[in-house]
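Derivation of every value follows stated rules applied to the coordinates shown; laboratory data play no part. Predicted model, so just to flag it, every value in this text is computed and none were measured. Here the Cβ positions follow ideal geometry from the backbone for every residue, glycine too, while neighbour counts run over all protein chains shown.
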Amino acid sequence: MKIQIICLIFAACLFALPAVFCFGNSDPYFIQSAKVPDGFSHAQKVELSGRVLPHPRQLKWFEDEFLGFIHYGPNTYTGREWGTGTESAVVFNPGDLDTDQWCELMKAAGMKRVVMVVKHHEGYCLWQTRYTDHSVASSPWRDGRGDVLRDLAQSCEKYGLRLGVYLSPADLYQIESPNGNYGNKSEYTERVIPRPVEGRPFADQRTYTYTVDDYNEYFLNQLFELLTEYGPMYEVWFDGAHPKPGTGQTYTYDAWFDLIHKLAPDAVIFGKGPDIRWCGNEGGSTRNDEYNVLPLPVAPADYHWPDKTDGNIAGRNRIGETTRYFHYYPAETNTSIRHGWFWRNDHEQQVRSADDVFDIYERSVGGNSVFLLNIPPNTEGKFSPRDAEVLREVGRRINATYGTNLLANSRATVEHVLDGNTDTWWQAPSNEASFEVILPEKRTVNRFMICEAIAHRGERIEAHYLEARVDGRWVRVAEGKTVGYKRILRFSSVNADAFRVTITQSRLAPSVAHVSAHYYDEPPKPVIVGRTSEGLLTMGVGSTFSWLGQQRPDQSQDIYFTLDGSTPTSDSLCYEGPVSLPLGGHVRARAIVRGRHGAVSEIRLGIPRNGWTARDTDGRRDTLRVLDGDPQSHWSSGQAESGTQSLTIDMKQDYSISGFTYLPHPTGGFIESYEVHISRDGDTWQAIHQGSFGNIRNDPIQRIVLFDEHAAARYVKLTNLRAPGGLSRVGAAEIEILAAKGN
């Protein structure tokens, strides 16, 4: 039930004493942070965590649910994930930039907010900044008068999207430039922000004084520009990555946060800040129990906000003797629609299917998180057609599934859960409770949504399950852990006339604000393509099929495939059993059921590796693991100076090759950059390719490398191998060599 607020005490600022709400039953609630009183037992601490509420700006962020992320800049034109800082400013030249197209497509996908990378690690600025020439002002685009952020801000206003900015703390241009201010060991003194620039006055006449060095002053000046000249900002994104450690530069986060709160009070701060945290990976993975009230050993103002990558970061077992504060710190699930944050090409770079993106949407938005999907514009300044197709289809599915509540005209055994108002709620009488929803007739359902009253009662539920009444009998159809802002339970379709929600564990008596039921008209299942230990191509549909062929494939749906990379249709080859591919191939497959097409699955299979050998710089025997077909095994190099390691594969005979695939191992090592050399005799070598795998550590999926030209070789050497920052070993789970046509 809704309880009238009797007293309200506002905090002076974010990290002063937490804002405390006192309700009619005298139980205190805390806005964003709560201090643990001395002597509290574990049980009392658990209960206290259930009284921490999100800040209003965090609630607004949650309500936006699905956000767009834009990585664009010089890297788009150089084919890099991370620039060097030495790129010429003229390399950025988008031609007919079309931010209206970006926003129209993001709106169609169901997104409500967009975060633009206005300066990535290489330091190039996509707005008309006063404080460096390394920006669009030095580009031939629009004769140096272009402003990507200005265009985007206008498009966001046109399409009703909220705007945010990503400003990289790291800045390779300032590091590499002779007069750069990054790590220049300048003195910390009082500086007035913004620093005046002749001929470029600010319309906003406010000024602020901070004790900072040269680089932090530069950074604050740019924040002032971004937060005062482009309309309201709703998110400020700080990446924790550092492409060149050891400069000695530190960041005055307190000054940054203070300026943001003053200039953009509705903006959440992502990353090394107090509002939004990284989910812990960049591949779209989500936790089953994403609980957002984190136990801290110190006050939030003194916390350093490390990355939270563990599977369990706020469970009961993480609350202990050292817990002194609780802080509401929700997760943003960020990944890219392409394999890489920046656009590279439409030939080699893979694009996620609508099935994949919709699945991440349901797991993240429906898992007490927010979904931030990156769509990188191409060199024409537009979203590529494949990306656009996926965005439109995802938006269609979201609207078709969640635009209709199948609990309409139903009745519940408790109050408020069906009234559509998240400011009212049902308060359970105890920590374990249940309620029923009775439908007016049988309806087919395969999605059920539950929302807690987090704005008024915090996050409490830790375990629950859902039953459906089918032909008079209660059947358990789904179960879950945390709920928080939203939990979407997914299950096989049932034709039911009632549902029962049972909460089995909660930190305090649970408060449910909303429930709804939905039906997802699932397309044919995705095809999983793999290869047996004998080298035969195998296919199946659904998650029960193992790509190693160790489980029986589900062949309940007709599968059509091609071997030349073309799109399969009902006129293509029909899969009837394992297929022999003596040289591998570019396989694309989809299920087709009653004329309805499933998503296209794609895999490049290399030349069968029977009898092949491999050796590394140290002569280690475990190099054969990159050839064994087992993604769980791996080769890892010895510890050595970056760039000195190599891996040589002997194919035992000459082949015409077109590229290779690389699968990293999450614990066994990564390759970030490499060179490819080939030989026919093992003595004379020719360099044919060099490249890098962007974001390989946080998104450890298979990467495909295609050479510019086909080459004849018996030996393939990956050399000058370098690991991602902070690692000294390189490694791989699997490497396959791709054959060229005509072998």
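Of note:
- Convex hull of segment 149-204 built on C-alpha atoms - directionally averaged projected area, nm²: 6.5
- Calculated [θ] (222 nm, deg cm²/dmol) that DSSP helices of n ≥ 4 give over the chain, each run adding -39,500 (n - 2.57): -4500 deg cm²/dmol
- Whether segment 252-352 is rounded, prolate or oblate, judged on the alpha carbon gyration tensor where a/c under 1.5 counts as rounded: oblate
- Most tightly packed first, judged by the mean number of other beta-carbon atoms within 10 Å of their residues, the peptides 285-297, 322-334 read 322-334, 285-297.
- 12 Å reach of a label modelled at His242, 7 Å along Cα-to-Cβ, counting backbone N of segment 113-127: none
- Cut-off 19 Å (backbone N to label point 7 Å along Cα→Cβ of Arg324), residues of segment 292-307: 294-306
- The Rg/Rh ratio for segment 413-513, using Cα coordinates for both the radius of gyration and the Kirkwood hydrodynamic radius, is 0.95.
- Database remark: amide H of Ala463 closer than 5 angstrom to the amide H of Thr504, Gln505 (H placed geometrically; neighbours at sequence offset of 5 or more, or on other chains; Pro and chain starts carry no H).
- FRET efficiency, Glu157 to Ala203 (Cβ-Cβ, R0 22 Å, nearest 0.05): 0.80
- With N the number of residues in segment 471-517, Rg(Cα) / (2.2 N^0.38 Å) evaluates to 1.27.
- Packing around the peptides 272-280, 236-244, 309-317, taken as the average count of other Cβ atoms within 10 Å per residue, puts them in this order, highest first: 272-280, 236-244, 309-317.
- Segment 149-279 - convex hull of alpha carbons, volume per residue in Å³: 134
- Note on Ala740 and Asp630: their simple-model spin labels are 3.5 nm apart, each label 7 Å out from Cα toward Cβ.
- Prolate/oblate/rounded call for segment 688-743, Cα gyration tensor, a/c under 1.5 rounded: prolate
- For segment 270-275, backbone phi angles converted through the Karplus equation (6.51, -1.76, 1.60; θ = phi - 60°) give residue-by-residue couplings of 9, x, 7, x, x, 9 Hz, Gly and Pro being listed as x.
- Modelled label positions at Asp100 and Asp423, each set 7 Å beyond Cα in the direction of Cβ, lie 3.7 nm from each other.
- Of all DSSP beta bridges in segment 200-348, antiparallel share, percent nearest 5: 40
- Both radii are taken from the alpha-carbon atoms of segment 613-739; with Rh as the Kirkwood radius, Rg/Rh is 0.93.
- Interchain or long-range residues, amide H under 5 Å from Ala478's placed H: Leu466
- The tail of the calculated P(r) for segment 424-472 beyond 18 Å holds 43 percent of all Cα-Cα pairs.
- A Cβ-based charge dipole, computed about the Cα centre of segment 613-739 with Lys and Arg at +1 and Asp and Glu at -1, lands at about 220 debye.
- When each of the peptides 185-192, 349-356 is scored by the mean number of other C-beta atoms lying within 10 Å of its residues, the order from highest to lowest reads 349-356, 185-192.
- Estimated vicinal HN-Hα couplings, Hz - segment 571-587 in sequence order (Karplus 6.51, -1.76, 1.60; Gly, Pro = x): 8, 7, 4, 9, 6, 10, x, x, 10, 7, 10, x, 10, x, x, 9, 9
- The charge dipole of the chain, taken about its Cα centre with unit charges on the Cβ of Lys, Arg, Asp and Glu (plus for the first two, minus for the last two), comes to roughly 1380 debye.
- Taking only the Cα atoms of the chain, the radius of gyration and Dmax are 27.5, 85 Å.
- Backbone HN-Hα couplings from phi across segment 367-374 [Karplus 6.51/-1.76/1.60, Hz, Gly and Pro as x]: x, 6, 9, 10, 9, 10, 9, 7
- Interchain or long-range residues, amide H under 5 Å from Gly725's placed H: none
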